[in-house]
Amino acid sequence: MNSRILTKINSIIKNRLIELLGILLVIFSFFLFLSIATYSPGDPNFIYNPENTDIKNFGGFYGSVISDFLLQSIGLISFFIALNFFYWGIKVTTKKIINNFINKIFYVLIYIVFGSIVLNIIYNDSFWLIDNGNGGFVGRLITQNVYYFTPLIENQYVVYILILLTIFFFILSLGIN
């Protein structure tokens, strides 16, 4: 009798902790999305941290640092990461299970690389991301290194294939059946 009660209590606590994790993921995704959307190049970051600066970022200093890191490294594809966290949080809250986590992280890394390359090739000139462009330095470096071996990467059909692969791996990372 006591064993069943302890098992039920354990199950209830486990489910509430999983729901809490899902809610925290959803809250973090909103914070991340708003921080990226309100990014300003003049805000403090890892490299540039002036004293007495009015921070324009919605997330304050931490939002400014996080959004600068994501946008300068992987570019506009970082909005997809916020969508991933939101969807994962909703799924964890409703289903109360975390499955294929390693596979989903792998898919995220793959679509980040492909998406950064696509953004760097298609539209790299940005008034917002002056230093590294819309693809970030990851997209710029990979594109330059691949272009060194073959200029085929700027072919229209290769770009279309990269767009499709980005969308495909983004859908796989969400775990949509």
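The values are calculated or read from the model by the stated rules, or taken from the named source; none is laboratory data. Since this is a predicted model, take the numbers as computed values, not measurements. Cβ: placed from backbone, ideal geometry, glycine included. Neighbour counts: every protein chain shown. Remember, those area values only see protein heavy atoms, side chains included, never the ligands or the DNA or RNA. Shrake-Rupley method; radii C 1.70, N 1.55, O 1.52, S 1.80 Å.
FRET efficiency for the pair Gln144 and Ile47, taken as 1/(1 + (r/R0)^6) with r the Cβ-Cβ distance and R0 = 22 Å, rounds to 0.50.
When restricted to Cα atoms, the chain yields an Rg and a Dmax of 19.9, 72 Å, respectively.
Compute the long axis of helix 136-149 from its Cα atoms, compare it with the longest principal axis of the Cα atoms of the chain, and write down the angle in degrees, 0 to 90, nearest 10. Once rounded, one gets 60 degrees.
Leaving out ligands and nucleic acids, note down the accessible area per residue over the chain with a 1.4 angstrom probe, in whole Å². Could you put the intermediate results ahead of the total?
On the way: 11220 Å² over 177 residues.
Heavy-atom accessible area per residue stands at 63 Å².
Using only Cα atoms, tell me the angle between helix 60-74 and the longest principal axis of the chain; keep it within 0 to 90° and round to the nearest 10. Approximately 60 degrees, to the nearest ten. Take every pair of alpha-carbon atoms less than 8 Å apart whose residues are at least six positions apart; their mean separation over the length of the chain yields a relative contact order of 24 percent.
Across the options Phe31, Thr7, Ile81, the greatest Cα extent toward the positive end of the charge dipole of the chain (unit charges at beta carbon of Lys, Arg, Asp, Glu) belongs to Thr7. For segment 82-177, the share of accessible area belonging to carbon and sulfur comes to 70 percent (1.4 Å probe, ligands and nucleic acids excluded).
With a Förster radius of 30 Å applied to the C-beta separation of Leu20 and Phe168, the computed FRET efficiency comes to 0.40.
With θ taken as phi - 60° and the Karplus curve 6.51 cos²θ - 1.76 cosθ + 1.60 applied, the whole-hertz 3J(HN,Hα) list for segment 150-159 is 7, x, 5, 5, 8, 5, 4, 6, 5, 5 Hz, x standing for glycine and proline.
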